[in-house]
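Engineer: Here it is: the structure, laid out below.
The values are calculated or read from the model by the stated rules, or taken from the named source; none is laboratory data. Computed from a predicted model, the values in this text were never measured in an experiment. A quick note on method: Cβ atoms are made from the backbone with ideal geometry, for glycine too, and the neighbour counts reach across all protein chains shown. The area values use the complete protein model at the heavy-atom level, side chains included, leaving out ligands, DNA and RNA. Shrake-Rupley method; radii C 1.70, N 1.55, O 1.52, S 1.80 Å.
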Amino acid sequence: MSLRRHAALLPLCLGLLGTSPALLAAHAAAHKDLPRPPSGPTAVLSQSSPSGTAQVTVDGAGNFAEALVYTVADDLTVDMSYSSSLYFDGVGHGVDSVKQSQSNKARSSFTVGPLQVDLKQVLTVGELAGSYALTQVYTLANPGTEPVSVGLMRYNDSDLGDYGYQPPKGRFSYIVSNVTPSPEFLTGYVGVKLTGGSKTTRVVRHCCNNISDITPEENNTVADDLDGDGVSDDAWDKAINNQTTVLVPAGGSVKVHTVTVFGRSALDALASLPAR
């Protein structure tokens, strides 16, 4: 649940945790200066399951700020997202329109330089009880006579705890509310997977809004991971970055998939989360 939406409780919480209110105030101020998606018209995608419901408000470029999950077990609604966007060569994009074809589906088209982009978005029930998956398929078409290379980065900032987790040999990167889950309690999580183009690199960094290229040393790492096990040892605001490069041939097209899984589930361990 977003700490930014419960600022009145922070001084007490920080006093108990031994954290400086002044330090957090400076940290939060940095967030408030950042633009948040969506940009332009939106579609509200919804999905239901025996565990509850999910609702994500997306724009025509696949950006979103709000992902609400209602869980029947504890009758609680939690916002699982603060900001999520796909950047093209380091630039975010807004779109003038988005068409919602069904309650859980939307489609849009836009241009990025010489590329024509067709985007299909669908919200489905996830693999785990209490989870949901937002799948976004970007088809990049190049009508020109020369190939076009574009760098893509999916950035996701979610306030859930904030611990990072990288499954061994996995494709997803996670932010989780608890690194020692128990099936007796619900664990919140958001995971991101970017596929298409060249090999994807991934990292869970300290927040916020760092969309610089992922270095070879950073790849598959997690901030605050002191023992190298792919799990953060300290809870502080973190964000997920997945990056790839796409070469679109002249007169051809390439599909790029981003999958964002999110929810609140009774987990035996972090390894219960989808890795690939």
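Engineer: Would you look at the GNM of the chain, springs on alpha carbons closer than 10 Å, and say which of Val192, Val117, Val261 moves the most?
Structural biologist: Residue with maximal mean-square fluctuation among Val192, Val117, Val261: Val117.
Engineer: Give me the distance in nm between label points sitting 7 Å out from Cα along the Cα-to-Cβ direction at Arg276 and Asp89, one decimal.
Structural biologist: My value for the distance between the label points is 3.4 nm.
Engineer: Pop out the ³J(HN,Hα) list for region 82-90 in order, Karplus 6.51 cos²θ - 1.76 cosθ + 1.60 with θ = phi - 60°, rounded to Hz; leave Gly and Pro as x.
Structural biologist: 10, 6, 9, 8, 9, 9, 9, 6, x
Engineer: Please work out whether region 80-202 counts as rounded, prolate or oblate from its C-alpha gyration tensor, where a ≥ b ≥ c are the square roots of the eigenvalues and a/c under 1.5 means rounded, while otherwise a/b larger than b/c means prolate and anything else oblate?
Structural biologist: Working: a/c = 2.44, a/b = 1.71, b/c = 1.43.
Judged from the Cα gyration tensor, region 80-202 comes out prolate (a/c at least 1.5, a/b above b/c).
Engineer: Taking R0 as 22 Å, what FRET efficiency do you get between Ser103 and Lys255 from their Cβ-Cβ distance, rounded to the nearest 0.05? Spell out each step's value before the answer.
Structural biologist: On the way: r = 24 Å, r/R0 = 1.10.
That gives a FRET efficiency of 0.35.
Engineer: Take every Cα pair under 8 Å in the chain that's 6+ residues apart, average their separations, divide by the length, and report that relative contact order as a whole percent. Show your work: numbers first, answer last.
Structural biologist: Details: 735 pairs, mean separation 52.3, N = 276.
The value is 19 percent.
Engineer: Take the Cα atoms of the chain, find their three principal axes, and give me the spread along each one in whole Å, biggest first.
Structural biologist: 62, 41, 36
Engineer: Okay, moving on. On the principal axes of its Cα set, how long, how wide and how thick is region 142-276? Give whole Å, largest value first.
Structural biologist: Its Cα atoms span 58, 26, 24 Å along the three principal axes.
Engineer: Ok, one more. Taking the chain as a Gaussian network, Cα atoms linked when under 10 Å apart, which of Asp225, Asp213, Asp75 shows the biggest mean-square fluctuation?
Structural biologist: Among Asp225, Asp213, Asp75, the largest mean-square fluctuation in the Gaussian network model of the chain belongs to Asp75.
Engineer: Between helix 21-32 and the chain, what is the angle of the helix's C-alpha long axis to the longest principal axis, kept within 0 to 90° and rounded to the nearest 10?
Structural biologist: 20
Engineer: Next question, about the same structure. Find how much the distance from Asn219 to Val72 grows on full extension, using 0.36 nm per residue of separation minus their present alpha carbon separation; answer in nm with one decimal. Could the numbers behind the result be given before it?
Structural biologist: Details: separation 147, 0.36 × 147 = 52.92 nm, distance 3.73 nm.
Full extension of this stretch gives 49.2 nm more.
Engineer: Also, I was wondering about something else. Using modelled amide H (1.01 Å from N, peptide plane; none on Pro or chain starts), what sits under 5 Å from the amide H of Gly126, excluding residues fewer than 5 places away?
Structural biologist: Under 5 Å from the amide H of Gly126: Ser131, Tyr132, Ala133.
Engineer: Looking at the square roots a ≥ b ≥ c of the eigenvalues of the Cα gyration tensor of region 138-190, which shape do they give, rounded for a/c under 1.5, prolate if a/b is larger than b/c, or oblate?
Structural biologist: On the way: a/c = 3.95, a/b = 3.26, b/c = 1.21.
The shape class here is prolate.
Engineer: Excluding same-chain pairs closer than 8 in sequence, count the lysine pairs in region 152-276 whose Cα atoms lie under 20 Å apart.
Structural biologist: Values: Lys169/Lys193; Lys169/Lys199; Lys193/Lys238; Lys193/Lys255; Lys199/Lys255.
Final tally of qualifying lysine pairs is 5.
Engineer: Please give every one of the lysines within straight-line cross-link reach of Lys99, meaning a C-alpha to C-alpha distance under 18 Å, and leave out same-chain neighbours fewer than 8 residues apart.
Structural biologist: The reachable lysines, counting only those whose Cα sits under 18 Å from Lys99, are Lys120.
Engineer: On to the next question. Return the FRET efficiency for the residue pair Ser212, Ser149: r is the Cβ-Cβ distance, R0 is 25 Å, and the value is rounded to the nearest 0.05. Working shown, then result.
Structural biologist: Working: r = 18 Å, r/R0 = 0.73.
That gives a FRET efficiency of 0.85.
Engineer: Take Lys99, Lys105, Lys193 and sort them by solvent-accessible surface of the protein heavy atoms, 1.4 Å probe, largest at the top. Numbers along the way, then the final one.
Structural biologist: Values: Lys99 145, Lys105 80, Lys193 35 Å².
Descending accessible area places them as Lys99, Lys105, Lys193.
Engineer: Check the straight Cα-Cα distances from Lys105 and name the aspartates and glutamates below 17 Å, setting aside those fewer than 8 residues away within the same chain.
Structural biologist: Correct list for Lys105: Asp59, Glu66, Asp118.
Engineer: Using the scaling law 2.2 N^0.38 Å as the reference, what is the normalised Cα Rg of region 100-166? Intermediate values should be presented prior to the final figure.
Structural biologist: Values: Rg = 16.2 Å, N = 67, 2.2 N^0.38 = 10.9 Å.
For region 100-166, the normalised Cα radius of gyration is 1.49.
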